[in-house]
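Student: This structure is in structure tokens; I'll ask about it shortly.
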Amino acid sequence: TQELKPEGTVNWKERCLTLESQLMKFRLQASKIRELLAEKVGLMVQVMEEKLKAANVQTSESENRLYKRCQDLEILIQDKNDIIQKLEQQLEEQKQIRLQEAKLIEEKAAKIKEWVTVKLHEKATQISNSPFIDESSGSEEEDSSRSSSRTSESDSRSRSGPNSPRAMKRGVSLSSMTSESDYAIPPDAYSVDTDYSEPEQKLPKTSSSSTDNGKNEPLEKSGYLLKMGGKVKTWKRRWFVLKGGELLYYKSPSDVIRKPQGQIELNASSHIERGDGKQTIQLTTEKRTYYLTADSPNILEEWIKVLQNVLKIQAASPLFIQPEIKPTMKGLLTKVKHGYSKRVWCTLVGKILYYFRNQEDKVGPLLVSSAKVEEVDRSCDSDEDYEASGRSLLSTHYTVVIHPKDQGPTYLLIGSKHEKDTWLYHLTVAAGSTNVNVGSEFEQLICKLLNMEGDTTSQIWRHPTLCHSKEGIASPLTTLPSEALQTEAIKLFKTCQLFINAAVDSPAIDYHVSLAQSALQICLTHPELQNEICCQLIKQTRRRHPQNQTGPIQGLQLLALCVGLFLPQHPFLWLLKLHLKKNADSRTEFGKYAIYCQRCVERTQQNGDREARPSRMEILSTLLRNPYHHSLPFSIPVHFMNGIYQVVGFDASTTVEEFLNTLNQDTGMRKPAQSGFALFSDDPSGKDIEHCLQGNIKICDIISKWEQASKEQHPGKCEGTRTVRLTYKNRLYFSVQVHGETDREKLLLVYQTNDQIVNGLFPVNKELAMELTALLAQVEIGDFERPFSTPAGQVTSQSKSNQTLKQVLERFYPKRYRHGCSEEQLRQLCQRLSTRWMALRGHSAADCVRIYLTVARKWSFFGAKLFAAKPLATSSLEKSFIWFAVHEDGISILDYSTMVITYTYKSLMTFGGYQDDFMLVVNDAQIKDKATEKLLFAMTKPKILEITLLIASYINNFHQQKGAAHHLSAPALLTPQSGQKLKEMGSQTLLTNNRPTKCPTLL
């Protein structure tokens, strides 16, 4: 059969030839395209190369121009620096010249002043010993001198008449050298500021030597002294006023009408020591030590004499045998009896008036009870005894007479009307007079109740003046010295009304906080109002019918805050105690607050008044929960170096010393004098600064002052968000006390030492640092947990172990050894740590603490506090940076590898802040050519204050322990010298990374 060809069969041969021809055509086109592209790329490369060459040429030219310009600027800067240095040098030379001139002027002024004082004494003696023979010498002057006090300055006599108050207040009295009724202002009182215009009634007078057969001694004085003070210890010139057994100081004489800058209370425990300089004394009180310098040795002798007279009287006073007894009134008055006048110091205690004259006749008690007390009308006075001396006393004085039964009258001359009214009222109260017409209506009612011994059946208790009032008061409840204070007292009553009547609402509690703080701050600023506010609160918490309703609780709450700060004087204190006793009842809320107020009164009597208004925390604790239920109604956490804290309770009068006694009992630690531990507070500014708290300061004052400072420095932040942070850690280290260390003390010492190691303040190499880190890890965490070997938990367990190791390294390993480590290096550190940590398996925390301290104590400066400093050009130390190591034996200066020198405290002459630098003046007896050397170091101001106080604490302990008679004088006033500021010290560490340690390792 013949096969048939199908239709549409493709001619594959032709088809193949066609495709081959097309392929050839495409290949030719592709080759042409490649050639064109290569040609195009070549052209573009050439263009780019040309552009790059042009750019390189321009860059090199601009660099050359910039480099040349930079060199020109450097040369110009160097020229300017040379000019500035020359100007600074010239300025410094001018400063030195001016300081030398000022010093010479001061020396000349002191000599002139001394000469004038001697001449005035000579003139006074001549005038007193030789009567006026020439009748034409001026009858007016003779009359004025015999009538009261003579004024020696002709200018003051010309400005005011011989009998005017101003002439007698401002003039320098010569006749008072022999007069028994007046005190004069010595020449040194107005040594510089003679142009000040002081108010007559406010300017304190100074006392001069009153002859009185050599028995009457001066008890008052005023004048300029230099006082060492401030955070950075420097000398400051202040106007000092010795009056009323207190030494007050102001910026200038014209400021005596204002609140004093400071107050030094003198009592039987105070004493005076002479400094090494001829013009310096050291005045030591219960609270602190003051360094004072006079302008000349003679002026210093006068101050010492007057201060010693006051201290003798204070030592002889029965008030200091029983310090809890506070005098109702005290002051310097003129006592006249049997025609003789004496300037005496008077103190009213209960119903006895004590007066002091001199050391031989220490105490002159006068029983005021049942005596007749009244004011003398000078216009019609004709008493024989009063005028027996043949001359009238000061016409400006007010007179109060005390006429006991079966005794002659005693006259008291008082300088101002307010002082007279106050003395008259309290003497009338002490005398038990039933016909009281002195003082305010409230005071008169109190006096009547006191004479009735607080008879509860008396209708006087229901008098509207003594009971709660919805309306305000038209006049103060107590006698106040000025209209301004009277106006303030009326405003104070309105504030108390707002506090009592407004409901305590938790969201708006800050309204009551603000009212309480403002009212009590006014009373602290003006102590005259303290009696007033206590009387106002007593009045507002008393009902006319107490059996029907009690007083407002918020009134007692404010009274509790008030008596936690201060207490009123007698008889208002008597009224307060009686009021609280009547209302004390543990079954009612009002009665519970009354009981709490009684506790506050007892504690304030025991520990004294406060210095600052209540803090927000104190007010909230009093308002929101009844403090009756807690013996220590307030509490605050105290942090330790190992990261834990202890909550400690306290009350409104708890001091730091009492607070630490409670803390030590709770934590099992010794007293600070043995352990060397101290309480620190952080800085309210938020800076990394700590402040050591002294033992006599009250905890509530610390919290309040910190809170006020924080508000001033962070005004925009919400109140109550920040509070003071207290830390308890070692400050003084004594090697003799090591054997008595408790376990808690050892543990905290370990953590505090580790903190120094981490921050580069303790010398360890990398190997020893790793061993100590492992010890602390065993103490903190316990045995190291190895990763699980099961495959399921291998990843999770390994990750957890690595995280723990990294946390331990971050907490306990020195920062400088971790800084800049790569991931691989950190992994190796973790591996080494795990090896050492596992080697400690089974060791208890106490064993690890013992090993740690044994290793650390091998360093000779263990327990010392280190401070970075930079020696200035004036110092003999040729070092860029050094470290101070302050320890129990002295001050050592270290560099980054070895110890340079150690100064014992015996060789230390002066230390403290000097301008903006820290100064040491040392006396090395072994070096004859250069026995005394002054060293200056640049340090920050907070560190200057910290190291100064630390050195002082070690020195005080040195004297207490050794009983040495060595005396450290106040830092001398030195010529200022310039010095560079300390900068960028925080990044420096004690040892370099590659320095091998000399400390042994015991592991």
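Student: If you take the square roots of the eigenvalues of the alpha-carbon gyration tensor of region 596-657 and sort them as a ≥ b ≥ c, do you get rounded (a/c under 1.5), prolate (a/b over b/c) or oblate?
Tutor: On the way: a/c = 1.96, a/b = 1.51, b/c = 1.30.
Verdict is prolate for region 596-657.
Student: Would you mind checking which residues have amide H under 5 Å from VAL900's amide H? H placed 1.01 Å from N; only 5 or more apart, or other chain.
Tutor: Here ILE893, LEU894, ASP895 satisfy the definition.
Student: Could you run the Karplus curve 6.51 cos²θ - 1.76 cosθ + 1.60 with θ = phi - 60° over region 740-754 and give me ³J(HN,Hα) per residue in whole Hz, x for Gly and Pro?
Tutor: x, 5, 8, 4, 5, 5, 4, 4, 5, 5, 4, 5, 5, 5, 4
Student: Amide H of LYS221 versus every other amide H placed in the peptide plane: which residues, excluding those fewer than 5 positions away on the same chain, fall under 5 Å?
Tutor: Those lying under 5 Å, H to H, from LYS221 are SER207, LEU242.
Student: With θ set to phi - 60°, apply the Karplus curve 6.51 cos²θ - 1.76 cosθ + 1.60 along region 87-101 and write out the HN-Hα couplings as whole Hz, x wherever there is a Gly or Pro.
Tutor: Listing the rounded values in order: 5, 4, 5, 5, 5, 5, 4, 5, 4, 4, 5, 5, 5, 5, 5 Hz.
Student: ILE460 to ASP609: FRET efficiency via 1/(1 + (r/R0)^6), r the Cβ-Cβ distance, R0 35 Å, to the nearest 0.05?
Tutor: It comes out at approximately 0.70.
Student: Then there's this: Mean separation of Cα pairs under 8 Å and 6+ residues apart, divided by the residue count of region 443-629: what relative contact order is that in percent?
Tutor: 23
Student: To make sure I understand, if each residue's beta carbon is the centre and we count other beta carbons within 10 Å, what order do ARG603, ARG274 fall in, fewest to most?
Tutor: Final ranking by Cβ density, sparse to dense: ARG274, ARG603.
Student: As an exercise, use a Förster radius of 41 Å and the Cβ-Cβ distance of GLN960 and ARG850 to find the FRET efficiency, rounded to the nearest 0.05.
Tutor: Efficiency, rounded to the nearest 0.05: 0.85.
Student: I've got another one for you. Separation of region 233-312 and region 845-914 by C-alpha centroid, Å?
Tutor: Each part's Cα centre sits 35 Å from the other's.
Student: If we sort 423-429, 806-812 on the protection proxy, mean other Cβ atoms within 10 Å, highest first, what's the order?
Tutor: Highest to lowest by the protection proxy: 423-429, 806-812.
Student: Label SER880 and GLN708 with points 7 Å out from Cα along Cα→Cβ: what is the distance between them in nm?
Tutor: 4.6
Student: Another question about this same structure. If R₀ is 22 angstrom, what is the calculated FRET efficiency for the pair TYR645 and LYS941, using the beta carbon separation as r and rounding to 0.05?
Tutor: 0.15
Student: From the phi angles alone, apply the Karplus equation (6.51, -1.76, 1.60; θ = phi - 60°) to region 820-830 and give each ³J(HN,Hα) in whole Hz, x where the residue is Gly or Pro.
Tutor: x, 6, 7, 4, 5, 5, 5, 5, 5, 4, 4
Student: Please state the shape class of region 407-471: rounded when a/c is under 1.5, otherwise prolate if a/b exceeds b/c and oblate if not, all from the C-alpha gyration tensor.
Tutor: Judged from the Cα gyration tensor, region 407-471 comes out oblate (a/c at least 1.5, b/c at or above a/b).
Student: Now a separate question. If packing is taken as the average number of other Cβ atoms within 10 Å across a peptide's residues, how do 766-774, 368-376, 738-746 rank, most packed first? Could you put the intermediate results ahead of the total?
Tutor: Working: 766-774: 21.7, 368-376: 17.4, 738-746: 14.2.
Descending packing order for the listed peptides: 766-774, 368-376, 738-746.
Student: Using modelled amide H (1.01 Å from N, peptide plane; none on Pro or chain starts), what sits under 5 Å from the amide H of LYS729, excluding residues fewer than 5 places away?
Tutor: Amide H to amide H, under 5 Å and 5 or more residues apart or across chains, LYS729 pairs with ALA678, PHE680.
Student: In addition: Ranked by Cβ crowding within 10 angstrom, fewest neighbours first, how are ASP683, ASP701 ordered?
Tutor: Going from sparsest to densest Cβ surroundings: ASP683, ASP701.
Student: For ALA502 and ASP666 in one chain, what is 0.36 nm times their gap in residues minus the Cα-Cα distance, to one decimal in nm?
Tutor: Computed gain between ALA502 and ASP666 is 55.0 nm.
Student: Once both labels are modelled 7 Å past Cα along the beta-carbon direction, what's the THR835-LEU367 spacing in nm?
Tutor: 9.3
Student: When a footprinting reagent is the concern and you count Cβ atoms within 10 Å, what order do ARG850, ARG238 take, fewest first?
Tutor: Values: ARG850 16, ARG238 21.
Fewest to most other Cβ atoms nearby, the residues stand as ARG850, ARG238.
Values in this text are rule-based calculations from the coordinates and carry no lab data. All values derive from a computational prediction rather than experimental measurement. Backbone-built Cβ (ideal geometry, glycine too); neighbour counts: all protein chains shown.
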